[in-house]
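Please treat every number below as a calculation from the coordinates, not as lab data. Everything numeric in this text was worked out from a predicted model, so none of it was measured. For neighbour counting, all protein chains shown are included, and Cβ atoms are generated from backbone atoms with ideal geometry for every residue, glycine included.
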Amino acid sequence: MPAIVGPVQILNVGGGSVQFGDAVVISPKTSSKSFAGSGAFNTGPFIVTFNGFSITSTLDADGVDQPIVGNN
């Protein structure tokens with residue numbers, strides 16, 4: 001259902017999707033893959049991690065993880 005909204009100000013968009021109005025399908029136009037070891041993506045004011053030994057496997061057998069060609 002369409003709606004009338006007031007002024008919109010977008011200061012920064014970092015890899016996200018911004019939608020104005022109605023949409024049936026929103027498809028990604030970029031894709032990425034991240035590899036990180038144990039405790040790498042922790043966030044918070046006080047973090048304590050005890051990692052005695054950590055190995056991150058970066059072997060990727062897939063040719064394509066997220067196809068973005070043809071997603072218009």
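Points worth noting:
- Potential extension, Thr30-Ile47 segment - 0.36 nm per residue separation minus Cα distance: 3.0 nm
- Label-point gap, in nm, between Asp22 and Val69 - each point 7 angstrom along Cα→Cβ: 3.4
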